[in-house]
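The values are calculated or read from the model by the stated rules, or taken from the named source; none is laboratory data. Just so you know, these numbers come straight off a predicted model, no measurement behind them. So basically every Cβ, Gly included, is an ideal-geometry build from the backbone, and we count neighbours across all protein chains shown. Calculation scope for accessible area: heavy atoms of the full protein, side chains included, ligands and nucleic acids excluded. Shrake-Rupley method; radii C 1.70, N 1.55, O 1.52, S 1.80 Å.
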There are 2 protein chains.
Amino acid sequence: MNTDLRPGTEFDLVRRLLARWRDRADGIGDDGVVLFGLDGGKTVISTDASVENVHFRRDWLEPREIGYRATAAALSDLAAMAASPLAILLALTIPESWKADVDAIADGIGEAAEQSGARIVGGDLSEGRDLAIVVTVIGTAERTLTRSGARVGDRVYVTGRLGGPGAAVAALTNGRRPSRDERQRFAHPIPRIREAQWLAAHGATAGTDVSDGLVADLENIAVASGHGIVLDLDRVPVMASVSSRDAAASGEEYELAITASNALDTKVFEAEFGVPLTEIGKVDDGNRGVVTFENGVEVKPPAGYVHFT
Amino acid sequence: MNTDLRPGTEFDLVRRLLARWRDRADGIGDDGVVLFGLDGGKTVISTDASVENVHFRRDWLEPREIGYRATAAALSDLAAMAASPLAILLALTIPESWKADVDAIADGIGEAAEQSGARIVGGDLSEGRDLAIVVTVIGTAERTLTRSGARVGDRVYVTGRLGGPGAAVAALTNGRRPSRDERQRFAHPIPRIREAQWLAAHGATAGTDVSDGLVADLENIAVASGHGIVLDLDRVPVMASVSSRDAAASGEEYELAITASNALDTKVFEAEFGVPLTEIGKVDDGNRGVVTFENGVEVKPPAGYVHFT
């Protein structure tokens, strides 16, 4: 952690952040940072923005949760590729009205970093009208999962139980209080980092994280792989009181949706990680993307979260 | 360039960007991207945000210039480390009112990428109230320049002629039209990538780019290196009609300020790059950061751009 920074208000803010992160931060203080530890396989990188009133609302989350969630969302992209997080860079836009919350935001970022084993190695601070947290994550993978590897006949699996974040957002939007479990899934998602590595090592052929909604994210795999996916809505694992249609449309889950060339041992997976792994469909030679079945009948797919509309 | 993206308005925007970038973009379409080409030395990474009404004003620049400048500013951080740009990731926050300018912004980003040899390998798109372009750059370096390497007795050099961006901003702020040259230096800075590598190979001991103003950026080197810097304002190379005090405070120059253990051949440098290299001071054992002299007399250092005030 380099604290040899010249005096000045911007640097005071940097020092405040570094004081929160302590040994979790590393090497900050140059124009760029030299990354070490990249020798262990392929290098994977991703960037993810969390913007106030677009990705979150101030009155829905604690500052610490906002920092945690933005970082966890970015780390989930590494999980989707079955990569091991190594380093985090942050571009923070901090309006005056958020200055008092910087320590709490930093603590949330630090918590997600700590959980993943990644270090915070650099960043950039700006003013602006809305809080924005842009998180760039770098990791390594011996064997990456991509969206394009699904083959006809593969089974489709998903981790966890879906629907919590969607139900929480629906409640908050309508001025209701979400259940404790739903709120927790929304405010404190867990990137499935080790789970993804297990899946990649046990036959997964393609993978993604569930960020836009299960159907929408499986559609990415279907299109990238050039095959169809048949999704059995009845088998989608749901949180209590959430319908399978709502669960299959719920975004920001940060669970994993994968295809695998063989049957996976879901019991071993759950025993290892404390998270269910559920078979929910199969890859076929269809050309209509994801088709959904309910009670054995094809039904219109539930719509996921669509950006830019 | 992966264009196997499912239908949808966000993906339409991605497709628009990819159409502008053509072969300059590479590998986009997964949750993260696998980086190739990192075997040639140390890996250097940096992230840099350009936010509307903080780093630029819409009425001061063309959309293409805004895209170019944001990307060039980030690439300049790699130059400061003497790294060779390899890959660019973008987090773009695009308000509705900017949608019509996306192609032009993309062209500016593409131009800076092309110029530097880097590929655009990934990114993230968001809505928001203000345009924001967060650029993460990755490069490699055989031999990096950092801020902490200056030693007592080193000479201090700067590339280019300073003052253009500061003069342009002063004119624009006061409703005047900047000169053509000043405006060009403001709107179209050139990251000194190859220049930095030459300097690192010819005796540079520390380096940074001039982003906050020469004095402020030299202060970073002084503090990180634990020494003083004596800056001779009379020797600061200036653009026509700019005073040396204003030149030494002008930010967003994206020139290089370095220290070197030996005299550098400024003629060879200028012949090679078409850019002047000027000796402007020396590193001493002082403990007051940067001290400035004018006509042989110590004077108050000109203030650089200070963020967060």
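Key figures
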{"quantity": "Antiparallel DSSP beta bridges within chain A, percent to nearest 5", "calculated": "75"}
{"quantity": "Using a 7 Å Cα-to-Cβ projection, B:G40 label spacings across copies, nm, ascending", "calculated": "2.7"}
{"quantity": "Whichever lysines have a C-alpha closer than 21 Å to that of B:K300, once near sequence neighbours (fewer than 8 apart) are set aside", "calculated": "B:K282"}
{"quantity": "Whether region B:1-144 is rounded, prolate or oblate, judged on the alpha carbon gyration tensor where a/c under 1.5 counts as rounded", "calculated": "oblate"}
{"quantity": "C-alpha long axis of helix B:214-225 to longest principal axis of chain B, angle in °", "calculated": "80"}
{"quantity": "Chain B: angle of helix B:164-173 to the longest principal axis, Cα-based, in degrees nearest 10", "calculated": "70"}
{"quantity": "Crossing angle, helix A:63-80 versus chain A [Cα axis fit, 0-90 degrees, rounded to tens]", "calculated": "50"}
{"quantity": "Structure-based [θ]222 nm, the protein assembly as shown - -39500 (n - 2.57) summed over DSSP H runs of at least 4, per residue, nearest 500", "calculated": "-9500 deg cm²/dmol"}
{"quantity": "Charged-residue dipole, Cβ positions (Lys, Arg, Asp, Glu), chain A about Cα centre, Debye nearest 20", "calculated": "380"}
{"quantity": "Pseudo-label separations to other copies for B:R194 - Cα-to-Cβ vector, 7 Å, nm", "calculated": "5.0"}
{"quantity": "With 20 Å bins from 0: P(r) over the protein assembly as shown, alpha-carbon pairs, percent", "calculated": "20, 52, 23, 5, 0"}
{"quantity": "Charge dipole (region B:15-128, unit charges on Cβ, about Cα centre) - positive-most of B:P85, B:A73, B:V44", "calculated": "B:P85"}
{"quantity": "Those lysines that a straight Cα-Cα span of less than 22 Å connects to A:K42, excepting residues fewer than 8 apart in one chain", "calculated": "B:K42"}
{"quantity": "Cα centroid of region A:82-107 to Cα centroid of region B:243-306, whole Å", "calculated": "34"}
{"quantity": "Descending semi-axes in whole angstrom, ellipsoid equivalent of chain B, from the Cα gyration tensor", "calculated": "35, 23, 15"}
{"quantity": "Relative packing of A:270-282, B:244-256, B:31-43, which averages over residues the other C-beta atoms within 10 Å, highest first", "calculated": "B:244-256, B:31-43, A:270-282"}
{"quantity": "For region B:218-261, with +1 on Lys and Arg beta carbons and -1 on Asp and Glu, the positive-most of B:A257, B:V242, B:H227 along the dipole", "calculated": "B:H227"}
{"quantity": "Label zone at B:V54, where the point sits 7 Å out along the Cα-to-Cβ direction: region A:78-104 residues whose backbone N lies under 12 Å", "calculated": "A:91-99"}
{"quantity": "Reachable lysines from A:K99, criterion Cα separation under 26 angstrom, eight or more residues apart if same chain", "calculated": "none"}
{"quantity": "Cα-centred dipole magnitude for region A:165-309, charges only on beta-carbon of K, R (+1) and D, E (-1), debye, nearest 20", "calculated": "460"}
{"quantity": "Label-point separation, B:V152 to A:A240 (7 Å along Cα→Cβ), nm", "calculated": "7.1"}
{"quantity": "Gain in span if fully extended, A:S261 to A:V275, counting 0.36 nm per residue against the direct Cα distance", "calculated": "2.9 nm"}
{"quantity": "Segment B:T173-B:D107, extension gain: residue separation times 0.36 nm, minus the distance between their alpha carbons", "calculated": "21.1 nm"}
{"quantity": "Convex hull volume per residue for region B:170-292, taking Cα atoms only, in Å³", "calculated": "109"}
{"quantity": "Across the identical copies, how the B:Q115 labels are spaced - nm, sorted shortest first, 7 Å along Cα→Cβ", "calculated": "4.1"}
{"quantity": "Charge dipole (debye, nearest 20) of region B:108-173; +1 at Cβ of Lys and Arg, -1 at Cβ of Asp and Glu", "calculated": "460"}
{"quantity": "Area hidden from solvent between A and B (accessible, protein heavy atoms only, 1.4 Å, total, Å²)", "calculated": "5300"}
